[in-house]
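Working notes for the structure below.
Read the figures in this text as sums done on the coordinates, not as results from a lab. Here the structure is a predicted model, which is why all the values come from computation and not from measurement. Cβ placement follows ideal geometry from the backbone for every residue including glycine, while neighbour counts extend to all protein chains displayed.
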Amino acid sequence: MLPVAGFIVCVALILFAFLVYSGLFHKVVVSVGSPPIGKILIAYKFSTGPYKNVGNLFKEVGELAPHNACLGIYYDDPGQFPSHLLRWAVGSILAYDDETPSREAKKLFESKGYKFTTLPAISKAMVTSFPYKNFMSIIIAVNKVYSAMERYEKEHKLYACPYMEIAEGGHCNYMAPLERQDDFYLEELKIDGKIVYEPTDK
């Protein structure tokens, strides 16, 4: 029995160490300040449905441009709307500020059905970050980061939207614009040129 007990203890310690490495005890500090990105050109796909479905698109984006930062944009509060109505987009950052994007990269994304848009530079956003070590980091972050951002937004009586995440290297930056929010709404969220701020069955 002792060898079995020892094995179980060893496995438990390894799992615990893995969770700690993945960010289990990372303190999420939310603040208002400059966002981690300025003006960016992105290739993106828009979709609706449960936010858990973003994983497949993040994987596709990462395979198409492994050296580019990946970006997710989430427009609706999953606590207020049915999961099948949630609106979101996943994309790849092709250029920053006034950089010229790679012609080959644009052709590649276009061939895969991606669209392109430019998101503006802003000076004020709700921001935080989280280590991005592995798949478990994503799971932990989903449970810690967004709840912390929502609490901060309510406590400070802010109106921050949409919620965004930018994954690059060993970390993931999170932000929610506090100015020029309408400029972060994609064409798919507009009807006759007017933004539809809340999801609908129609």
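The figures follow:
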read-out	value
Long-range HN-HN contacts of D76 with modeled amide H, under 5 Å	R87
Under 17 Å from the Cα of K157 - aspartates and glutamates, other chains or at least 8 residues apart	D77, E179
Proximal lysines relative to K194, as straight alpha-carbon distance under 19 Å, when same-chain residues fewer than 8 apart are discounted	K202
Karplus 3J(HN,Hα) series, Hz, for region 47-54 with 6.51 cos²θ - 1.76 cosθ + 1.60 (x for Gly, Pro)	8, 10, x, x, 4, 5, 6, 5
For region 88-98, 3J(HN,Hα) per residue [Karplus equation, 6.51 cos²θ - 1.76 cosθ + 1.60, θ = phi - 60°, Hz, x = Gly/Pro]	7, 9, 10, x, 10, 7, 8, 7, 10, 6, 9
Ranked list, fewest to most other Cβ atoms within 10 Å of each Cβ, for E165, E198, E153, E63	E63, E198, E153, E165
25 Å Cα-Cα reach of K112 towards lysines, excluding residues that sit fewer than 8 places from it in its own chain	K39, K45, K52, K59, K190
